[in-house]
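Asks: Here it is, the structure, as C-alpha cells.
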Amino acid sequence: MTNPYYAQTDIGPPYFWDMLPQVIKDNYGKWLYHEKVKPGVLKHVGESGDELYTVRIGSPRLLSIETLRWFADIADKYCDGHLRFTSRHNVEFLLTDAGKVDALIEELEAAGWPVGGTGKSLKNLIHTQGWIHCHSAATDASGPVKAVMDDLFDYFKKDDLPAKLKISMACCLNMCGAVHCSDIAFVGVHRKIPRVDDNGVANGCEIPNVVASCPTGAIRPNPKAKSVTINEEKCMYCGNCYSVCPSLPIMDPENDGIAIFVGGKVSNSRSGPAFSKLAIPFIPNEPPRWDSLVAAIRNLVEIWVKDAKKGERYGEWIERIGWEKFFEKANLPFTDKHIDDFIFSVPTFRSTTQFKFTK
Ligand code: SF4
Ligand code: SF4
C-alpha cells in the first residue's frame with residue numbers, strides 16, 4: 001500500500017501505513033479473533049496463525065519529553081520500536097514474542113506505570129486542558145482527574161467490574177472530553193454570564209466577531225458604549241465570546257465548579273448509544289484534592305458495582321432500575337436543576353417534571 005500524497009508533500013502527519021508494525025501489515029483485514037490474556041494484556045491472532053500481544057499502560061496524558069524518550073527506548077527493546085497511543089491516553093506496546101510479555105510488564109511496573117484498563121475495568125480517564133492551558137476552563141482537568149484516578153486506581157488494574165467503566169471529564173461545556181457519552185462524566189460549569197468591560201471591548205475587540213461568536217445569539221451591540229450587552233436568559237455560559245474578546249471574562253472563583261453526569265455511552269452493544277444525564281448539578285472547586293468530587297464519584301461507582309448485572313453498563317443499569325431508584329440509591333436529591341428548561345435544550349435531555357420517588 002502506498003500513499004499517493006506522501007511523495008508529493010510534507011504537509012500533515014506521516015502516512016499511517018508506514019508506522020504499522022510488520023505483523024499488522026501482514027495481517028491487515030485478516031485477524032481471526034482476539035482474547036484478553038489478563039488485565040492490561042490482549043492477544044490478537046491472525047488467519048495466518050500470527051500472534052500480536054498488546055500491553056496497555058495508563059498515562060496521565062501530559063507527558064514530558066524524557067518520559068516519551070523512555071517509552072521509545074522500551075519500544076525499541078521489546079517491540080521493534082512500535083507503540084501506540086489510545087484516545088484515552090493509554091500507551092500500548094505491541095509485541096509478537098509471547099516470551100517477552102512478562103519481562104515488559106515487570107519493567108513498566110517497576111518504573112511506576114500501571115498495566116491494566118482492558119476488559120471489564122475502569123478505563124483511563126479522558127480529560128482536557130484545565131487551568132494548565134485553556135482560557136475558558138471552569139475547573140482544572142489534570143488535578144481532579146489525578147485525585148479521582150488515585151481513589152479508583154484498583155479498578156484500573158482489575159477487570160472484574162459488571163462491565164467496562166468509562167469516566168470522562170471536560171473543564172467547560174465545550175466538552176473537549178467525551179462527557180456527553182460516558183458512564184460517569186464530570187464537567188466544569190460556569191454559573192454567571194461573562195462580565196462586560198465596556199472600555200476593553202471598545203478598544204480591543206471586533207464587535208461583529210464578538211456578536212457572531214455566540215452560539216445562542218445572546219450578544220447584541222451596545223452602540224452607545226461602543227461595546228456589547230449580554231442577554232442573561234439566552235447565555236449558556238460557554239465562554240466562546242471570551243475566546244474572541246478578552247474583555248468578556250467568564251471565570252469566577254466563587255461560582256465556577258463541577259457538575260456530574262451519568263449513563264452515557266457510545267457503543268451499540270445491547271442498547272443504543274445514549275447521552276449522559278445530569279446527576280449532581282454543582283460541586284465547588286476544591287483544589288488540590290477535590291475531596292467532595294472524589295467522594296461523589298466513588299459513591300456513584302460503588303452503587304453500580306454492587307447492584308448491576310453482569311455486562312450492564314452504567315446507563316443500562318439505571319434504565320433497568322429506573323432513574324428514581326438511581327437517585328435513591330445514590331442518596332442524591334432531585335432538584336429543579338435537573339429539569340432542563342433552557343430555551344435551546346433539545347428533546348433528548350430530560351425535559352419533564354414527571355418524576356416519582358418509590359418511597
Ligand atoms: Fe478549554 Fe473547555 Fe476544552 Fe476545557 S473543555 S480544554 S475549558 S474548551
Ligand atoms: Fe454567548 Fe457563550 Fe458568551 Fe454566553 S458565554 S454570551 S452563550 S458566547
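Asks: To the nearest whole percent, what portion of all C-alpha pairs in the chain is separated by more than 40 angstrom? Before the final figure, lay out the partial values.
Replies: Values: 16558 of 64261 pairs.
Beyond 40 Å sits 26 percent of the P(r) for the chain.
Asks: Please list, ordered by chain and number, the residues whose modelled amide H lies under 5 Å from the amide H of Ser227; skip anything fewer than 5 residues away on the same chain.
Replies: Under 5 Å from the amide H of Ser227: Asn222.
Asks: List the lysines whose Cα sits under 20 Å from the Cα of Lys36, skipping any in the same chain fewer than 8 residues away.
Replies: Reachable lysines: Lys100, Lys120, Lys123, Lys157, Lys158, Lys164, Lys166, Lys310.
Asks: Here is a further query. Testing the spin-label approximation: label points 7 Å from Cα along Cα→Cβ at Phe334 and Lys310. State their distance in nm.
Replies: So the two model labels end up 3.2 nm from each other.
Asks: Please name which of Ser276, Cys214, Val145 has its Cα lying farthest along the dipole of the chain towards the positive end, using unit charges on Cβ (Lys, Arg +1; Asp, Glu -1) and the Cα centre as origin.
Replies: Value computed over the given set: Ser276.
Asks: Given axes a ≥ b ≥ c from the Cα gyration tensor, I'd like to know whether the stretch 42-96 is rounded (a/c under 1.5), prolate (a/b larger than b/c) or oblate. Could you put the intermediate results ahead of the total?
Replies: Working: a/c = 3.68, a/b = 1.74, b/c = 2.11.
In terms of gyration-tensor shape, oblate.
Asks: Give me the percent relative contact order of the chain, please, defined on Cα pairs under 8 angstrom at least 6 residues apart. Write down the numbers at each step before the final one.
Replies: Numbers: 671 pairs, mean separation 43.5, N = 359.
Result for the chain is 12 percent.
Asks: Evaluate 2.2 N^0.38 Å with N set to the residue count of the stretch 59-194, then give the Cα radius of gyration divided by it. Please list the in-between numbers first.
Replies: Working: Rg = 16.6 Å, N = 136, 2.2 N^0.38 = 14.2 Å.
Dividing the Cα Rg of the stretch 59-194 by 2.2 N^0.38 Å gives 1.17.
Asks: Can you give me the orientation-averaged projected area of the convex hull built on the Cα atoms of the stretch 1-119, in nm²? Don't jump to the answer; show the numbers that get you there.
Replies: Details: hull surface 33.7 nm².
About 8.4 nm², averaged over all directions.
Asks: I've got another one for you. For Ala279, what residues show an amide H to amide H distance below 5 Å, using hydrogens built from the backbone and excluding near sequence neighbours?
Replies: Amide H neighbours of Ala279, under 5 Å, 5+ apart: Ile260, Phe261, Val262.
Asks: Next question. Give me the dipole magnitude in Debye, nearest 20, for the chain about the Cα centre, with unit charges on the beta carbon: positive for Lys and Arg, negative for Asp and Glu.
Replies: Using Cβ point charges on Lys, Arg, Asp and Glu, the chain gives about 1120 debye.
Asks: Within the chain, which cysteines find no other Cys whose Cβ is under 4.7 angstrom from their own?
Replies: Cys79, Cys134, Cys171, Cys172, Cys176, Cys181, Cys214, Cys235, Cys238, Cys241
Asks: With a 10 Å radius around each residue's Cβ, average the other Cβ atoms per peptide and rank 95-108, 122-135, 43-56, highest first. Mind showing how you got there, number by number?
Replies: Working: 95-108: 15.2, 122-135: 21.4, 43-56: 17.3.
Answer by packing, highest mean first, reads 122-135, 43-56, 95-108.
Asks: Taking N as the number of residues in the stretch 114-201, what is its alpha-carbon radius of gyration divided by 2.2 N^0.38 Å?
Replies: Working: Rg = 16.0 Å, N = 88, 2.2 N^0.38 = 12.1 Å.
Against the compact-globule rule of thumb, the ratio is 1.32.
Asks: Rank by packing, highest mean first: peptides 137-148, 28-39, with packing defined as the count of other Cβ atoms within 10 Å averaged across residues. Walk me through the intermediate numbers first.
Replies: Details: 137-148: 23.8, 28-39: 12.3.
Per-residue Cβ counts within 10 Å, averaged per peptide and sorted highest first, yield 137-148, 28-39.
Asks: Report ³J(HN,Hα) in whole Hz for each residue of the stretch 51-56, in order, from the Karplus equation J = 6.51 cos²θ - 1.76 cosθ + 1.60 where θ = phi - 60°; Gly and Pro get x.
Replies: Values, residue by residue: 10, 10, 9, 10, 10, 9 Hz.
Laboratory data are not the source of any read-out in this text; all were calculated from the coordinates shown. Computed from a predicted structure; not experimentally measured. When we count neighbours, we look across all protein chains shown, and the Cβ atoms used for this are built from the backbone with ideal geometry, even at glycine.
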